[in-house]
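One structure is given here, and the rest of the page talks about it.
What follows draws every value from the coordinates through simple rules; no lab data is involved. Keep in mind that what you see is a predicted model, and the values were worked out from it rather than measured. For neighbour counting, all protein chains shown are included, and Cβ atoms are generated from backbone atoms with ideal geometry for every residue, glycine included.
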Amino acid sequence: MSDIAVKASEPALAQRALLNEDWLAVAIGLLVFALALFSVGGVDLLGWAVTTSVYTDIAGALAPVAKAYAPLGGVVSLLLTYAALLLVLSIGVSTLGADVRKFATAFTAVFAIAYASWIVGSYAHIAAVTPAEQQKFGISWSLKLTNEGGFVIALLSGLVIANFFPRFAAWLKEAIRPELYVKIAIVILGATVAVTAAARLNLASSLLLRGAAAIVEAYLIYWAVIYYVARKWFGFSREWSVPLASGISICGVAAAIATGGAIRARPAVPVLVSSLVVVFAVVEVLILPFLAQTFLWQEPLVAGAWIGLAIKTDGAAVAGGGITESLIMAKAATEGIKYQPGWILATTTTVKIFIDIFIGIWAFILGYIWTNHIDKGPDKAKAGEIWQRFPKFILGFILVFVISLWLAVGTTPDIAKALPAAAGEANVFRVIFFILTFFSIGVLSDFRKLWQQGFGKLAAVYFVSLFGFVIWVGLLISWLFFSGVKPPLAS
Amino acid sequence: MSETDLREELKAPVEPLLPIEKKLIGWSLGLGIALLIVLIAFNHFVPIKL
């Protein structure tokens, strides 16, 4: 629903589409999860998937995730992973009505560049964190970005292509689908979050309850203030102000498009706002995790919640949470504190998902007000629009989470013991979809083109709202609800 | 929407805030702040358990 690069051909595609992007993400995410679950029963179907370790000699960088598949070697494992993704995604995008041949060629280039960026990010001088790691690799310095610094490199690669090689960016567009990739990743993430939560059920349930604060903040406080700023201070029309306020305050692209549709804005309006949201999300991902590492490393869950409240697209927010987690864990490790992984990212994801769930309801409320009080006409907002606007991929996340949690706490100890390894194999694909998301976000961010289109005034609203209000209120709320709460220590 | 359209639109005369928009902004903020206070109180009396 929010692939800006392919918007122009949407009406024709919609007629050919069997599924929408949300349902496709659910299908692919569930497929990966189901295949991973076979390993609980002793049949390892995904162990050949490629992982990358921190390295100084590239020959040792790649390997299959499961030891049983080690004889395959890293390169074969990488090729198998590429082939499997190409097959599944090609079938998937054919159900969206896309041109499969164009997708396949573009995806080959996208995967190659994005995964190469990931490999570069795992180079020891970039990724090694602790003095012990530096000693292990025989190096005297490193950027200490962890191997998830590869996300930033993938993003930068995409930005270079978008801004210096626009023809190549246009050629790639069939496979530039950041929202699809991140939705698949979020469905798969349900397993990791459940495994993490099962280890500390009290903390997990407390996090869920505090997600409610995020909904109040995004919909009732951010939206109202930004709508007022756009209308009163910058003089934007209602048609522009609604998608703009939704994009900045709720959930970027999806919210701008859903609420723009609800007030019957022309389709181009939310799409242009979405472009702006993506650009600002890129800037935030490049800055906020490092600020969080510097100023919030002693309050990891405040940092996680803050990222979820401040970055306004699902992809960038959840991926930003991943980077924040690695950076904070790295900083804590240098101080001798080793947190259990997963909690910071789980906090970001919980906050973001809570915000996402209400997009449909908010779009309905705005639709009701507009059709009954502002643009009075024969069309009234229908209750069915709540379901129509509901981000369906969240159902996939919830299903994977519930099944995984049940397997972890409601079945036999043997199954519970085998589950983390299965979730780990699924997580390999979650990481790959994140890499593809970062790269795709970069490719969509042609700063020069946006500036030429007269985006200055729209960007000014975004800048004033984001840096004058959203980031600081988000920090305050995150502090009020999460300060003093630390992730469990790794045993 | 062409580039000129967008530029022209952004220069269009300002639409005044209607009473229903003021109501929407006011109710959203009021309800939001009230709910946040309730949640902060809840957070205080039911702290996060490890």
Report summary line: Here the gain from full extension of A:Ile357 to A:Ile374, 0.36 nm per residue of separation minus their alpha-carbon distance, amounts to 3.5 nm
Query raised in the report: Once the Cβ-Cβ distance between A:Ala34 and A:Lys417 is put in as r, and R0 is 22 Å, what FRET efficiency do you end up with, to the nearest 0.05?
Result: 0.65
Query raised in the report: In what order do A:Thr105, A:Thr349 fall by count of nearby beta-carbon atoms within 10 Å, going from fewest to most?
Result: A:Thr105, A:Thr349
Report summary line: Residues A:Val277, A:Val54, A:Val110 in order from fewest to most other beta-carbon atoms within 10 Å are A:Val54, A:Val110, A:Val277
Report summary line: Pseudo-spin-label distance B:Ile37 to A:Arg266, built 7 Å along Cα→Cβ, given in nm, is 4.4 nm
Report task. May I ask you to list the lysines whose Cα is less than 23 Å away from that of A:Lys144, ignoring any residue fewer than eight positions away on the same chain? Result -> A:Lys136, A:Lys331, A:Lys338, A:Lys486
Report task. Summarise the partner chain shielding of B:12-19 as one whole number: the mean count of Cβ atoms from other chains within 10 Å of each residue's Cβ. Result -> 4
Query raised in the report: Roughly how large, in nm² to one decimal, is the mean projection of the convex hull of the alpha-carbon atoms in the range A:45-120?
Result: 5.4 nm²
Requested in this report: Find, among the trypsin sites (Lys or Arg not before Pro) in the range A:318-355, those assigned to loop by DSSP (not H, G, I, E, B) with at most 14 other beta-carbon atoms within 10 angstrom.
Outcome: A:Lys338
Requested in this report: Just tell me which lysines come within less than 19 Å, Cα to Cα, of A:Lys382; anything on the same chain fewer than 8 places away is out.
Outcome: A:Lys392
**Report entry** Label-point separation, A:Val76 to A:Leu201 (7 Å along Cα→Cβ), nm
**Finding:** 4.4 nm
Report task. Please sort through the DSSP H helices of chain A and keep those with an alpha-carbon extent of at least 27 Å along the long axis and a Kyte-Doolittle average not below 0.0. Result -> A:74-95, A:100-121, A:178-199, A:268-295, A:314-334, A:413-443
Query raised in the report: Tell me, A:Ser90, A:Ser275, A:Ser249 in order of fewest to most beta-carbon neighbours within 10 Å?
Result: A:Ser90, A:Ser275, A:Ser249
Report summary line: Convex hull around the C-alpha positions of the range A:95-231: the volume in Å³ per residue is 229 Å³
Report task. Let me know the mean shielding of A:55-66 by other chains, meaning the per-residue number of their Cβ atoms within 10 Å of its Cβ. Result -> 0
Query raised in the report: Peptide B:37-47: average number of partner chain Cβ atoms within 10 Å per residue?
Result: 3
Query raised in the report: Rg(Cα) of the range A:4-482 divided by 2.2 N^0.38 Å?
Result: 0.94
Query - Sequence-separation-based contact order of chain A, relative, with Cα cut under 8 Å and 6+ spacing, percent - result: 24 percent
